[in-house]
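Some notes on the structure that comes next.
The values are calculated or read from the model by the stated rules, or taken from the named source; none is laboratory data. The model shown is predicted, which means the values in this text are computed figures rather than measured ones. Glycine also receives a Cβ, built like all others from the backbone with ideal geometry; neighbour counts cover every protein chain displayed.
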Amino acid sequence: MNRAQRRQSAKTTKKARKQGVALTAAANLTSDVMRDMETAVGFHQAGDLTRAAGLYQSVLDRYPDLPDALNFLGIIAGDMGQTEKALALVARSLSLDPANAIYHNNYGNILRQIEDFDGVIKAYQKAVKYVPGHLEERSVWPLAA
């Protein structure tokens, strides 16, 4: 990676972090993959799940072990009611980055969809273990209902 590419990668990573997205292993990604991830996150945040999923999959075709792409694609699968696929994708992201509280939280959210409340509690406990106070009230309170 040349100097211009390193600068672009650092700029992209900084922008992604500012938007609340942690692009894991960003230093190893090419600028086109970083751009695709940024664009996919934009589509995802705008609710265009089909386009976001297509871009996440495109990134995974090039970098099959990119935890952020796996996690985001898993979230979309969960949003589309494909819970088995969602669980498999987020579990894969966790196998690559097991200390990521966000991935544990997302895994718990998907388990909540299928009412596996024991699994939900375990996932949320792991999330809290890695980043105490990470979970938002709306992620936890439905369990009390």
Residues of the stretch 72-101 classified as buried (at least 18 other Cβ atoms within 10 Å of the Cβ) and among the polar types (S, T, N, Q), total: 2
State whether one or more residues within the stretch 1-11 are at pLDDT below 95 and either closer than 18 Å to residue 102 by Cα or not assigned by TED's automatic domain parsing to the domain that holds residue 69 (or both). no
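Residues checked against (1) without any contact (Cβ under 8 Å) to a residue 12 or more places away in the chain; (2) of a type in the set (Lys, Arg):
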| residue | (1), (2) |
| --- | --- |
| 48 | yes, no |
| 62 | no, yes |
| 66 | no, no |
| 69 | no, no |
| 78 | no, no |
| 99 | no, no |
| 103 | no, no |
Out of all the residues in the stretch 34-48, is one or more closer than 20 Å to residue 91 by Cα and surrounded by fewer than 16 Cβ atoms within 10 Å (Cβ to Cβ)? no
Residue count, the stretch 41-81, condition in a loop (DSSP other than H, G, I, E, B) and under 21 Å from residue 107 (Cα atoms), comes to 6
For the stretch 64-71, indicate whether the set of residues that are in contact with a His (Cβ under 6 Å, 6 or more places away or on another chain) and at negative phi is non-empty. no
